[in-house]
1. Show that you can apply the helix-only estimate: for the chain, add -39,500 (n - 2.57) for every DSSP H stretch of four or more residues, divide by all residues, and state [θ] at 222 nm to the nearest 500.
2. So what is the relative contact order of the chain, in percent, for Cα pairs below 8 Å that sit 6 or more residues apart?
3. Which lysines, on any chain, are close to LYS65 with Cα under 21 Å apart, when same-chain ones fewer than 8 places away are left out?
4. When a/c reaches 1.5 or more, the comparison of a/b and b/c decides; with that in mind, is the chain rounded, prolate or oblate per its Cα gyration tensor?
5. Label point 7 Å out from ASN28 along Cα-to-Cβ: which residues of region 57-79 have amide N under 14 Å?
6. If each residue of separation counts as 0.36 nm, what is the full-extension length gain between PHE64 and LYS98 once their alpha-carbon separation is subtracted?
Amino acid sequence: MKNQNTSSADSMNICQSKSFRNKVKKFNKSQKSALDIEIRKIIANPDIGTEKKGDLKGVLIHKFKRKASQYLLSYRHVSDGIQLITIGSHENYYRSLKTYLKNR
């Protein structure tokens, strides 16, 4: 993603958390390109992810594969669009996500 806030044709705002931005900075060009495709899928169908329960209620997780790695992208609906929370591999993903949300 290029900016913190971008708009689709439907005028849906996409906001990135600081955690999300920092992780994406470490991606190479092909990973960023694949991520852009997955974000477009979320924009086209905001309920594509699986909604979590318990501590993570209201958070949706979109899983996708890039080469041999599976990534999890967490996001949630906000008043005027979607907030991208974090992205990463499955290892310790949910623990890190809970910690991040607890500190917000």
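1. Per the formula, -10000 deg cm²/dmol.
2. In percent, rounded to a whole number, it is 25.
3. LYS23, LYS25, LYS26, LYS29, LYS32, LYS41, LYS52
4. In terms of gyration-tensor shape, rounded.
5. The answer is 66-69, whose backbone nitrogens lie closer than 14 Å to the label point.
6. 10.2 nm
Bear in mind that the values in this text are calculations on the coordinates, not laboratory data. Not measured: the values here are computed from a predicted model. With ideal geometry, Cβ positions are generated from the backbone for all residues, glycine too; neighbour counts draw on all protein chains shown.
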